[in-house]
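The values are calculated or read from the model by the stated rules, or taken from the named source; none is laboratory data. Values in this document were obtained by computation on a predicted structure and should not be read as measured data. As a convention, Cβ positions derive from the backbone with ideal geometry for all residues, glycine included, and neighbour counts pool all protein chains shown. Accessible surface is based on the protein model in full, side chains and every heavy atom, while ligands, DNA and RNA are left aside. Shrake-Rupley method; radii C 1.70, N 1.55, O 1.52, S 1.80 Å.
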Amino acid sequence: MTQAGTQEALAQEALAQRVRRIVDATPVVDMHTHLYAPALKELLLCGADELMCFHYLISESFRVHRLPYDVFWGMSKREQAEVVWRALFEQSTPLSEAASGVIEIAQAFGMQPGRFTLHDLRAVLSDTPTAAYIDKVFQLAGVDLVVMTNDPFDRAERAYWAQGVEIDPKFRASLRLDTLVNQFADACQDLQAQGFDVAPDLSGRTFAELERWLESWVERTQPVYVAFSAADDLVYPDDGVRGQLLDKVLLPVCRRHKLPLSLMIGARRRVNPDLRLAGDSVTQASLRPVERLCADNPDNKFLITMLARENQHELVVTARKFHNLMPFGCWWFVNTDTLVEEITRLRLELLGPTFIPQHSDARVLEHLIYKWQRARDVVARVLTDKYGALVRRGWAVEDADIERDVRRLFRDNFWDFVQA
Ligand code: HDL
Ligand code: ZN
């Protein structure tokens, strides 16, 4: 290598170390998880058996053990965990995103390199989410706040909120309204039983009552956004039920409270019902309704993530057209090393550092550790590459610039958007 080449390589390595130091030191706001504050008790999952029973691993394990579904589901969680462990960590190599993540979690908890057993993992983790354990996981993950996914139609969760709960400030709520917008007849039945004067055909006082109901949940949970997911069937404008619920309830309430509306698009639910939570799949979806939502509702803010790899480029271009659209995360089936890097590069090259690169979607407390380790690896790698190119083209990059950009990506883009 020429001397100039050596110099350049040394400069790039020095830059990589500066970027990594700042990325590691910047605490993350994790804006979409399925974790719950400790006050919601058994809803907050942690420990080795919960990690093994993560639905990603359960679906992967069926490709190895091929047990009849009813046999597997008839087992205790401990027995299911042992089946998954044997399938993915003994009869196979934990190469998938979710399986290799378990190794990373164990390493973060000080597990000696080499091979360990499920017994070892059970010993090193805790299945009781004490305050100290939660703090330790947040600290290991470099996360200082997570947003929950709170479902007013989940009876178990609703019972806690009805009692009045003291929510740990490391957890913030979001209101997840899939049942309302996607299964309105079921939602109606539930709401009628709670004393709301609503009708499946949206007649009478339905809209006023739905607004009263939603306002009560905003008051009760103080959410940072309102959300729902859709497959490829989102239409807007739409004079059907979902379109009217959007225009007459969700969008006005979100505007009043300056709450973003989060749309998670491309999830095709229960493609294989026998896999239960793991039975959902992916579908490409149109960006046309997203464009019209952003264009027709300029005083609303939209957090958008899409599940199909094929939709990522169009989502980024749409974000260039509408600044009330904030693209976020590499969701679920695009949360793999390869696709997170591709999507993050795409976003940075088309938007600059004005998007939310990742959320963990953590379902088990310790997921925060590996999900954010992966995210930091990618963000540091991509930023180093882009800063290096900038420097070679003659623009000085100071630590303050890197600190500002990483803070924006990991926390400020989210908070500024929520509070705007
Ligand atoms: O709809 C969602 O919020 C998805 O994230 C689903 O919960 C999915 O099952 C999941 O956990 N993805 O990571
Ligand atoms: Zn999720």
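Laid out as a table, the results:
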| quantity | calculated |
| --- | --- |
| Matching residues in segment 370-393 - criterion: being hydroxyl-bearing (S, T, Y) and either farther than 18 Å from I105 by Cα or in a loop (DSSP other than H, G, I, E, B) (or both) | T384, Y387 |
| Residue check, L67 of a type in the set (A, V, I, L, M), at pLDDT 95 or above, within 19 Å of the chain's Cα centre (by Cα) and not in a helix (DSSP H, G or I) | no |
| Selection status of N311, over 26 Å from Y370 (Cα atoms) and at pLDDT 95 or above | no |
| Residue satisfying all of: in segment 18-29; farther than 24 Å from I167 by Cβ and of a type outside the set (S, T, N, Q); most open to solvent (accessible area, probe 1.4 Å) among these | R21 |
| Qualifying residues in segment 66-102 (those that are basic (K, R) and under 15 Å from C53 (Cα atoms)) - the one most open to solvent (accessible area, probe 1.4 Å) | R78 |
| Number of the exception - G352 against (1) within 16 Å of ligand 1 (Cβ to nearest atom); (2) out of contact with any helix residue (DSSP H, G or I) (no Cβ under 8 Å at 6 or more places or on another chain) | (1) |
| Segment 214-234, residues that are touching a helix residue (DSSP H, G or I) at 6+ places or on another chain (Cβ under 6 Å) and either charged (D, E, K, R) or more than 16 Å from ligand 2 (Cβ to nearest atom) (or both) | L214, R220, L234 |
| Residues being more than 16 Å from ligand 2 (Cβ to nearest atom) and either surrounded by fewer than 21 Cβ atoms within 10 Å (Cβ to Cβ) or within 17 Å of R78 (Cα to Cα) (or both) - total across segment 30-39 | 2 |
| Counted residues, segment 190-227 - those being free of Cβ contacts under 8 Å to residues at least 12 places away in the same chain and under 26 Å from the mean Cα position of the chain (by Cα) | 2 |
| Residue within segment 354-372 that is more than 16 Å from ligand 2 (Cβ to nearest atom), open to solvent by 10 Å² or more (accessible area, probe 1.4 Å) and farther than 30 Å from L125 by Cβ present | yes |
| Options V391, V418, V382, V397: the member that is in contact (Cβ under 8 Å) with a residue 24 or more places away in the chain and open to solvent by less than 10 Å² (accessible area, probe 1.4 Å) | V382 |
| Tally of residues being of a type outside the set (F, W, Y), in contact with a strand residue (DSSP E or B) (Cβ under 9 Å, 6 or more places away or on another chain) and away from ligand 2 (no atom under 15 Å from the Cβ) across segment 135-156 | 7 |
